[in-house]
C-alpha cells in the first residue's frame with residue numbers, strides 16, 4: 001500500500017501504527033461524510049475495508065491538554081473535543097503521541113491530492129478543520 005509506505009517513511013512509524021492510524025482517520029471520515037464523498041476517497045485509497053478494520057477504538061482519558069493543542073492547530077476549538085478525544089485515544093492505543101493525528105492527516109490529505117485533486121484533499125480537510 002503506497003499510502004502506508006509514505007506514512008512509515010515520512011513519519012517513522014511501523015506498519016501497524018501506519019495502518020491503524022490511517023484506519024482511525026478514515027473511519028471518522030466515513031462517519032462524517034456522505035456516502036458519495038466517502039466513496040470518492042475510497043476510490044483513491046486501495047484496501048479501504050482492511051484499513052477501516054485496523055482502526056482501534058478510542059478513549060480520551062487524560063488527553064485533553066494534548067487534544068486542545070491539536071484542535072487549535074487544526075483550526076478548531078478546545079471546547080469541541082469529542083471527535084478529537086476519540087482520535088487521540090486511538091492514536092495513544094497505537095503507541096503514538098496524540099500530536100501525531102495532525103501529521104497523519106497531513107500525509108493522507110497530500111496523498112489524496114496527489115491521487116485525485118484539491119477537492120479530494122478538501123473532503124478530509126473539511127472534517128478535520130471543523131473540530
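Points to keep in mind about this one:
- In region 70-96, residue modelled with the highest pLDDT [restricted to those that are surrounded by fewer than 16 Cβ atoms within 10 Å (Cβ to Cβ) and either in contact with a strand residue (DSSP E or B) (Cβ under 6 Å, 6 or more places away or on another chain) or part of a helix (DSSP H, G or I) (or both)]: 93
- In region 5-29, the residues that are outside any loop (DSSP other than H, G, I, E, B), in contact with a helix residue (DSSP H, G or I) (Cβ under 7 Å, 6 or more places away or on another chain) and surrounded by 20 or more Cβ atoms within 10 Å (Cβ to Cβ): 7, 18, 19, 21, 22, 23, 24, 25, 26, 27, 28, 29
- Which listed residue is in contact (Cβ under 8 Å) with a residue 40 or more places away in the chain, crowded, with 16+ Cβ neighbours inside 10 Å and over 20 Å from residue 99 (Cβ atoms), from 52, 33: 33
The values are calculated or read from the model by the stated rules, or taken from the named source; none is laboratory data. Every value quoted in this text rests on a predicted model; they were computed, and no experiment measured them. Every residue, glycine as well, gets a Cβ built from its backbone with ideal geometry; the counts of neighbours run over all protein chains shown.
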